[in-house]
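The values are calculated or read from the model by the stated rules, or taken from the named source; none is laboratory data. Nothing here was measured: the structure is a model prediction, and the numbers come from that model. A quick note on method: Cβ atoms are made from the backbone with ideal geometry, for glycine too, and the neighbour counts reach across all protein chains shown.
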Amino acid sequence: MAVPRPRGAFAIERDMSNQIDETADDELIRSGRDAEATTRALVRAARRRFATEGYRATTVRQIAADVGVNVALINRIFVSKDGLFEACMLRTSSELDAQQPTRPATIEAVIERLIMHVVNAPNGDDPLQLLLLLRSSGDENADRIRRRTLEHFTERLAAAAGWSADDPATEHVLLRAQLAIATMLGVVMLRASAVAEPVASATADDLTEPLSHVFGALLGAAQHRPASD
């Protein structure tokens, strides 16, 4: 005959399990290498959720379950859902720009990097990058982070093309840099997400020449201020 369990026993066991999970997560944070791998896994899982289900519909609990960690760990690393979303956007910006430590010596080097992003698409993460950058989340904080990421990426590209925040004469370069980014993102979307032909199956040779002309017209001309009337 089964012995009746005391009322609340399941709740007590659940609390104990959560405490064990949190202790394991604390050890994970202190372990250095494992902590870095877990952080990357959380950002990867979060980006997939945010891109496919939207910011509002995604919960921190879902992301924690995807990676197999406790919700408290996400709060310790990223502080909030906003912080996790911002980490996703920063990763996207870094992947698109490659964060080279030194400024390219020529505008041709900048153009070559933009073409490389297009030619290397599609890959598994490209649609997620672009959905996060281009799709409005409907959440004010998330959209603010998204805009800031796009503006930051624009400023980095514009700086490589000759823009300086301290030089009003180069202000037009920002617009041209953003047009170049819009072109790059649009072509990658057609290749990686919409899979629209003929651009989806175009080779590196097919893409390099026309894109060189487009980016050259935008960024090469950006180095010279348009003549005023």
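Here are the numbers for this structure:
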{"item": "Identity of the residue in region 184-200, over 15 Å from I115 (Cα atoms) and of a type in the set (A, V, I, L, M), that ends up modelled with the lowest pLDDT", "result": "A194"}
{"item": "Residues within region 48-92 that are among the small types (G, A, S), surrounded by fewer than 19 Cβ atoms within 10 Å (Cβ to Cβ) and modelled with pLDDT under 85, tallied", "result": "1"}
{"item": "Count of region 118-143 residues which are modelled with pLDDT of 80 or more and within 18 Å of R156 (Cβ to Cβ)", "result": "1"}
{"item": "Matching residues in region 47-79 - criterion: being more than 26 Å from R156 (Cβ to Cβ), free of Cβ contacts under 8 Å to residues at least 40 places away in the same chain and outside any helix (DSSP H, G or I)", "result": "A57, T58, T59, G68"}
